[in-house]
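Could you have a look at this structure, given as structure tokens, before my questions?
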Amino acid sequence: MSQKPQPPSHGLAVCPNPECAEPVDPRDRYCGACGHDLSATVELPAGQDRPTMPIAAPVWPEAPPREPGSLSTMTQHPGDLPGTDSGGRDLPTVPVGVGPGPAAGPVRTDGPVPPSGETVRGGGDFELAAPDPRAAVRAEPAPAAGEAAAEVPEGVCVACRAGRVDGDGYCENCGHAQPRERDHMERELGTVAAVSDRGLRHHRNEDAFAITESTLPGGRPATVAIVCDGVSSAHRPDEASAAAARAAGRVLGEALPRGTHPQQALHEAIVAAAEAVTALARTAGPDGDGADSLHGGNSPACTIVGSVVADGLLVVGWVGDSRAYWVPDDRSAPAARLTEDDSWAAQMVKAGLMNEEQAYADERAHAITGWLGADAYELEPHTAAFKPDRSGVVVVCTDGLWNYAEAADAMAAVVPADAALRPLHAARVLVGHALDGGGHDNITVALTPFAPPPAGAGSS
Amino acid sequence: MANFAKPSVPQFSVDVYQNEYLPVGGRDVDAVVTVTATGGGTSGAGGVTAGGPAGVVIMVDCSGSMDYPPAKMEGARAATAAAVDTLRDGTSFAVVAGNHVATPVYPAHGRLAVAGARTRAEAKESLARLTPDGGTAIGTWLRLADALLGGEDLAIRHAVLLTDGRNEHESPEALRAALDACAGRFTCDARGVGTDWEVKEVTGIASALLGSADIVADPAGLAADFTAMMENVMGKGVADVTLRLWTPVGAELVFVKQVAPSVVDLTGRRADTGPRAGEYPTGSWGDESRDYHVRVRVPANAVGQEMLAARVSLIVPDPAGGDARPVSQGLIRAVWTHDVAMTTTINPQVAHYTGQAELADAIQEGLDARKSGDRDGATAKLGRAVQLAAASGNADTAKLLSKVVDVVDAAAGTVRLKAKVAEADEMTLETRSTKTVRVKR
């Protein structure tokens, strides 16, 4: 996040807080009437990294009235949103204001991993199309994700290439842990693709995803992508993310064909995912660390973000700091971030207590204020529905990716132009972008191409 | 659970407690390995422990000093009689009288007797022949015990040694050589009676032969102590158990210590077995649990890498005579990370036993300083010991310390040396300084 120094003047005539809107002096740092931090809203020159708009000002316009015969409710067009893109034109940045209150609530930090056991199979109630782990291993500087490293014979250590691998997955000669199935996972369906990678700094992959294709009543297709990020400071984060992704994918696969509205179905899926993670706290882990204490604050936990593309509608839902982005195929149109992090930084910004630069510079910035797990204080699934008027791709990802492309236009800049045609390739490119940036965290991204219904089919 | 069909060999479990996270460049991996044996031992009957036939040799000091006061010799006779009564029928046994030479007292022919009503009565009668005379050469006693126990096909071979004085009639090298010859061939509990014996000699014998050491200052307490020791031996289910440690290429074992129930450094006891593996003796096991502290130095790795720093397995001899086999294992891992919060966390078990080992050292160094007249050094070391004992909840050791120093502030480790200390209290503290308590879980 390359935040540039703020220009001395905010250049505002009135306070951007819509509840206030009092005239302000250009030299003021704070609004004299409501105390709003004016520097937080300064727009940087074109081409610079653009801070996310303060969430204290949810200037989300009224949704158009519900269209008879359509599934959609509360539908917004990305172009409805304020902000500017790198070209200085209006740009959507803020989703429907559904976040929790200011940062008074519980916070947990997504630090490195606890000393719990082996990774488990990732995924969904389907076979994960994980490549051969020996082929997916990266020899020193990682090649782009998905590219196979030099072949190492079966059962021989990939690190020293001399010892055999024992039953526990370690080399009998040099002791090095061998690549695991979850270290790199890829899966592609007709209308969606996902890639997950361990990254370069973590010793295992605690992210998980689930992608499914379903149908609405009447046979119209629906595409689901779920991405979860295990909270490393909790026990068994890898199991938490796998359980959440699996449960959410299953619920959506059952609910959508029954005619449940996608937004409602995604809400139910997040609730089911939360229950699945909570249930983990009551069962012993594979390494016998027992039923986790519900009081110790270390119950398995993860974030979740999901997208459903169906019937010309784009629905996103999330808890935590995993994100969804909208990237139109026509890059002259604005890209948008569709989610609002449940994070300390986002809440500080939203409450107007800090500007984004200050908030993200703070060591607490990445502490998340919402998660799935037994010790989550209150589950608040956020969902939002959009009705884009043009084609594009929906990117759902963990912070392992968006840390390297935080702003919507930055994300759009790294999504290949042919992403809608080759989603798996595009997902690999995005993972490669994060690895090139340092790969400090696990990286997971799912891409779903979106095409608006042909003119006339939608009856509006 | 009861299995009456065959003697039950204990089941072993291995648990590893560690913080596997290392900072950039970090190399030392500390782990506490808890080994627990269950389901063996106590069911043994018909002259065998659960692990097979057992043999016990009781070595009684009969040097001239045992007559001063005469209560020592009387106490030793009563204790030996109590021990003989505690033997299960069928156990092979012998009583050896020790002074500057070793003499078989019962049976007199230099073999082991088999415990039964008749042999027990004969053995007790023969104790009258234990008469104080001559000097002390403990090495000769050990060699006779070894010859007696080695002459039979026994699964459990154990000895009990009672002394009241210094090993004055042979060189320390001779005792050392005898201990080296006997190590691994039988286990031995050592007891000092009275206060004229050398603590380091007795603890050295017990540690070399993987047994316990203690003081019985009052001869009247010997019988109860011998009975308890013998019950412990009868509970052993399996002998010659070893701890095998595999380490990867480039790794080095810094130390291997038993840390509970007492501190015993096993580092120098390694026997190499196969590539990158070595075994450390642990002696015989009944239903019990012991903790080991292992420190491995591994080659530094890049952040995000994970490796196996050591594989700990327990090797138990096959009762049928086949190859010894690993029965249980645990993994000691190393994972490199940037996260300071993870790398600076000390595992509670490791911290606890690091403290217990320091406690034992502080007591030893404090008492040595006190003996050499270094009052300041003694006060500092024993103060630290008081502090560690209080902090770790080692109440027994804290109580022993309070007989040697006046505790002003246990938490701060402020103490004053007592002007007058009973010799028995000081020797008790020194003998038991290595006793540890386990972590409050």
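The values are calculated or read from the model by the stated rules, or taken from the named source; none is laboratory data. No experiment lies behind these values; they were computed from the predicted model shown. So basically every Cβ, Gly included, is an ideal-geometry build from the backbone, and we count neighbours across all protein chains shown.
Would you point out the residue of segment B:303-328, among those that are within 9 Å of chain A (Cβ to nearest Cβ) and not basic (Lys, Arg), that is farthest from residue B:27 (Cα to Cα)?
Checking each candidate, the answer is B:304.
If you check B:272, B:291, which single one turns out to be in contact with a helix residue (DSSP H, G or I) (Cβ under 7 Å, 6 or more places away or on another chain) and outside the structural domain of residue B:212 (by TED's automatic domain parsing)?
Answer to the check: B:291.
Would you please name the residue that is farthest from the other protein chains (Cβ to nearest Cβ), looking only at residues in segment B:274-297 that are farther than 23 Å from residue B:189 by Cβ and in a loop (DSSP other than H, G, I, E, B)?
Per the criteria, the residue is B:274.
Also, I was wondering about something else. Which number in (1) surrounded by fewer than 18 Cβ atoms within 10 Å (Cβ to Cβ); (2) within 14 Å of another protein chain (Cβ to nearest Cβ); (3) modelled with pLDDT of 90 or more marks the one condition that residue A:161 misses?
Among (1) surrounded by fewer than 18 Cβ atoms within 10 Å (Cβ to Cβ); (2) within 14 Å of another protein chain (Cβ to nearest Cβ); (3) modelled with pLDDT of 90 or more, the lone unmet condition for residue A:161 is (3).
I want to confirm something. Restricting to segment A:420-434 and keeping residues that are among the aliphatic types (A, V, I, L, M) and surrounded by fewer than 24 Cβ atoms within 10 Å (Cβ to Cβ), which single residue is nearest to residue A:367 (Cα to Cα)?
A:429
Which of the residues belonging to segment B:243-271 are without any contact (Cβ under 8 Å) to a residue 60 or more places away in the chain, surrounded by fewer than 20 Cβ atoms within 10 Å (Cβ to Cβ) and assigned to a strand (DSSP E or B)?
Across segment B:243-271, the qualifying residues are B:252, B:253, B:255, B:265, B:271.
Related question: Criterion first (of a type in the set (D, E, K, R) and crowded, with 20+ Cβ neighbours inside 10 Å) does residue B:318 satisfy it?
no
Do we have residue B:256 as more than 13 Å from every other protein chain (Cβ to nearest Cβ), within 24 Å of residue A:176 (Cα to Cα) and in contact with a Ser or Thr (Cβ under 6 Å, 6 or more places away or on another chain) here?
yes
In segment A:104-127, is there at least one residue being over 22 Å from residue A:434 (Cα atoms), modelled with pLDDT under 85, buried (at least 19 other Cβ atoms within 10 Å of the Cβ) and away from chain B (no Cβ under 12 Å)?
yes
Can I ask one more? Among the candidates B:421, B:415, B:437, B:407, single out the residue that is of a type in the set (Val, Ile, Thr), outside the structural domain of residue B:190 (by TED's automatic domain parsing) and within 24 Å of residue B:211 (Cβ to Cβ).
Testing whether each residue is of a type in the set (Val, Ile, Thr), outside the structural domain of residue B:190 (by TED's automatic domain parsing) and within 24 Å of residue B:211 (Cβ to Cβ) leaves just B:437.
Hey, can you tell me all the residues within segment A:164-179 that are more than 10 Å from chain B (Cβ to nearest Cβ) and assigned to a loop (DSSP other than H, G, I, E, B)?
Selection gives A:167, A:179.
Looking at residue B:300 and the list (1) at pLDDT below 95; (2) more than 14 Å from every other protein chain (Cβ to nearest Cβ), which single condition is not satisfied?
It fails just one condition, (2).
Here's something else I'd like to know. Taking only pairs six or more apart or across chains, which ones have beta-carbon atoms under 6 Å, a first residue in segment A:181-202 that is at pLDDT 95 or above, and a second residue that is among the basic types (Lys, Arg) and part of a strand (DSSP E or B)?
Pairs found: A:194/A:187.
In the list B:341, B:369, B:378, B:334, which residue meets the criterion of being within 14 Å of chain A (Cβ to nearest Cβ), without any contact (Cβ under 8 Å) to a residue 40 or more places away in the chain, of a type in the set (A, V, I, L, M, F, W, C) and not in a loop (DSSP other than H, G, I, E, B)?
B:341
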